[in-house]
Amino acid sequence: MKTIGKAAGKIAALPLIVALIVLVYHKLAQVNPATAGFTFLVAVLAVSALWGLRYATILAVLATLAYNFFFLPPIGTFTIADPQNWIALVAFIVSAIIASQLAERARRRTQDANQRRIELERLYNFSQQMLATDNVLTLVNSIPAVVVDTFAVIAAGMYLIERKKVYYSDVAAQEAIKDEDLKYAANRGESITDTAHSVVIVPLRVGVRSVGALGVQGGDVGRDTLDAVSSLVAVAIERAGAVEKLAHTEASRESERLRSILLDSVTHDFRTPLTAIKASAESLLGDGSLSESARHELLTVVNEESDRLDRLVGEAAEMAQLDAGAVELRLEPHHIREAIDEAISVTKTALSKHSVEVHADKSLPLVKMDLRRIAEVLAQLLDNAAKYSPPGTPITITSEVQKRRLVTSVADHGLGIDGIDQDMIFEKFYRGRGQRSTIQGTGMGLAIAKALVEAHGGKMTVVSQLGKGSVFSFALPL
């Protein structure tokens with residue numbers, strides 16, 4: 001209805017244009033016929049360029065009648081007395097029609113050029129969105145909606161042969177674009193056009209192989225553009241699938257590498273305490289003349305090395321749980337001092353040669369945490385500080401609120417960590433290059449601590465200076 005109203009308004013404007021020219025040139029200015037004829041011709045050209053050939057043809061007829069009636073003698077009649085005026089009138093009509101056609105052709109070419117430019121811009125934007133994700137599932141779910149938004153169509157649907165699934169832009173699209181039509185176009189590699197419902201379906205091809213089909217309803221998307229869209233979609237899906245397979249392959253390789261590293265590390269670290277336990281047991285069994293103090297010393301070695309073995313097994317099991325996301329946290333409001341006191345109690349043997357200063361005000365807000373897990377994080381940081389600091393140097397624990405987070409730090413006066421080690425210190429099985437042979441450990445402690453903090457929604461960092469010491473900090477959200 002709106003289009004019909006616009007057309008009626010344009011047709012009604014044509015006699016007004018003719019009347020205005022007649023009023024100005026016949027009543028007011030009194031110009032010669034040639035001037036009036038050129039003015040009518042310019043008006044016809046303008047209407048053809050702006051509104052199209054149909055309106056220009058109507059104006060040309062009206063202009064011819066007005067030109068004859070008002071400007072060719074005898075004035076006031078449709079009779080032409082002078083044969084030369086017949087030539088002038090015919091020339092005017094032919095010129096008006098030819099000029100209208102040329103103007104219409106130019107207008108259509110301009111419209112086509114603008115349409116191609118718009119479609120190219122849409123194709124570019126669409127290609128950018130197709131390349132924005134490497135996740136196949138996310139990509140295939142979003143394609144129909146992206147087609148609707150980018151190309152201003154009413155609905156879109158897509159079928160993928162490999163997944164045997166149809167994806168739609170919305171629920172209403174299922175009624176307009178049929179599943180069986182999409183499957184037919186995909187399996188046969190043929191396009192389907194349903195003019196009655198304004199639906200076009202094209203196959204998705206990679207080379208000559210059909211991987212699915214894409215259907216759209218409504219809009220002004222040209223067939224060439226739709227073919228280009230289908231090619232982009234097919235390539236994007238294939239690319240995302242290839243990237244995903246590559247990621248799985250890399251993940252498998254990394255998993256195998258980590259498994260090998262873990263096996264080597266655990267084998268080496270298990271052998272040391274096992275050797276000590278074996279030697280102590282053989283001494284106890286083979287030498288019945290051992291003094292009570294010697295027997296006690298050997299039993300102490302067995303006990304300590306057994307604890308060490310238990311800790312190694314616990315770390316390996318906990319790392320496996322963290323990797324699998326199987327750790328469950330019991331989050332309850334606690335004061336950070338509770339975790340600090342528990343960590344100090346657990347590591348009192350390791351801290352025997354160090355003084356510990358604690359700065360954690362009672363006024364600090366409670367924070368939701370798994371008390372046992374955060375105490376484990378602090379115990380790991382304290383154990384590391386004691387292990388890598390010279391005997392007699394103090395260790396400082398500080399806790400304060402910063403930007404809606406409770407930040408707890410453990411500072412030591414050790415040798416410090418260089419830049420390369422700082423970047424790798426939280427990686428599984430990584431140990432500082434300077435202490436690998438002198439200090440025992442599996443390289444899992446800091447990785448476990450970092451994973452536990454992140455499971456709480458927090459973040460762990462380290463600041464260190466060679467020869468000055470290190471500060472390990474973790475922030476928990478309030």
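The values are calculated or read from the model by the stated rules, or taken from the named source; none is laboratory data. These numbers come from a predicted model, not from an experiment. Here the Cβ positions follow ideal geometry from the backbone for every residue, glycine too, while neighbour counts run over all protein chains shown. The protein model used for the area step is the full one, side chains on, heavy atoms only, and it has no ligands, DNA or RNA in it. Shrake-Rupley method; radii C 1.70, N 1.55, O 1.52, S 1.80 Å.
Things worth noting here:
- When residue 398 is tested against (1) in contact (Cβ under 8 Å) with a residue 24 or more places away in the chain; (2) of a type outside the set (Phe, Trp, Tyr); (3) farther than 25 Å from residue 415 by Cβ, exactly one condition is not met: (3).
- Exactly one residue out of 439, 448 is surrounded by fewer than 19 Cβ atoms within 10 Å (Cβ to Cβ), at pLDDT below 85 and touching a helix residue (DSSP H, G or I) at 6+ places or on another chain (Cβ under 7 Å): that is 439.
- Taken over region 14-55, the criterion of being open to solvent by 60 Å² or more (accessible area, probe 1.4 Å) and closer than 26 Å to residue 108 by Cα is satisfied by 15, 16, 38, 42, 45, 50, 51, 54.
- Any hit, region 277-286, residues being modelled with pLDDT under 75, touching a helix residue (DSSP H, G or I) at 6+ places or on another chain (Cβ under 6 Å) and within 30 Å of residue 448 (Cβ to Cβ): no
- Here region 153-173 is the region considered, the condition is being assigned to a loop (DSSP other than H, G, I, E, B) and basic (Lys, Arg), and the residue that is farthest from the chain's Cα centre (by Cα) is 164.
- Selection within region 202-221 - in contact (Cβ under 8 Å) with a residue 40 or more places away in the chain and either surrounded by 14 or more Cβ atoms within 10 Å (Cβ to Cβ) or assigned to a helix (DSSP H, G or I) (or both): 204, 210, 211, 212, 213, 214, 215, 216, 217, 218, 219, 221
- Among the residues of region 142-163, the one identified as modelled with pLDDT of 85 or more, open to solvent by 40 Å² or more (accessible area, probe 1.4 Å) and either out of contact with any helix residue (DSSP H, G or I) (no Cβ under 8 Å at 6 or more places or on another chain) or within 17 Å of residue 210 (Cα to Cα) (or both) is 161.
- Among the residues listed as 471, 407, the single one being over 25 Å from residue 349 (Cα atoms), at pLDDT 90 or above and open to solvent by 20 Å² or more (accessible area, probe 1.4 Å): 407
- Checked against (1) over 17 Å from residue 369 (Cα atoms); (2) modelled with pLDDT of 80 or more, residue 313 meets all criteria but (2).
- Options 102, 72, 89: the member that is closer than 21 Å to residue 15 by Cα and modelled with pLDDT of 70 or more: 72
- Only one entry of 262, 258, 232, 226 meets the criterion of being surrounded by 17 or more Cβ atoms within 10 Å (Cβ to Cβ), part of a helix (DSSP H, G or I) and at pLDDT below 70, and that entry is 262.
- Enumeration of residues in region 454-476 that are in a strand (DSSP E or B) and in contact with a Gly (Cβ under 8 Å, 6 or more places away or on another chain): 464, 465, 469, 470, 474, 475, 476
- Highlighted here are the strands (runs of 3 or more DSSP E) found entirely within region 349-403 that include at least 2 residues which are open to solvent by 80 Å² or more (accessible area, probe 1.4 Å): 356-359, 395-402.
- Residue match in region 175-188 (condition: outside any loop (DSSP other than H, G, I, E, B) and of a type in the set (Val, Ile, Thr)): no
- Given (1) open to solvent by less than 10 Å² (accessible area, probe 1.4 Å); (2) free of Cβ contacts under 8 Å to residues at least 12 places away in the same chain, number of the condition residue 178 does not satisfy: (1)
- Restricting attention to region 333-348, the residues that are aliphatic (A, V, I, L, M), over 20 Å from residue 444 (Cβ atoms) and either open to solvent by 20 Å² or more (accessible area, probe 1.4 Å) or part of a loop (DSSP other than H, G, I, E, B) (or both) add up to 1.
- In region 272-293, residue farthest from residue 309 (Cα to Cα) [restricted to those that are aliphatic (A, V, I, L, M) and assigned to a helix (DSSP H, G or I)]: 285
- When residue 320 is tested against (1) of a type outside the set (Val, Ile, Thr); (2) part of a helix (DSSP H, G or I); (3) at pLDDT 65 or above, only condition (3) is not met.
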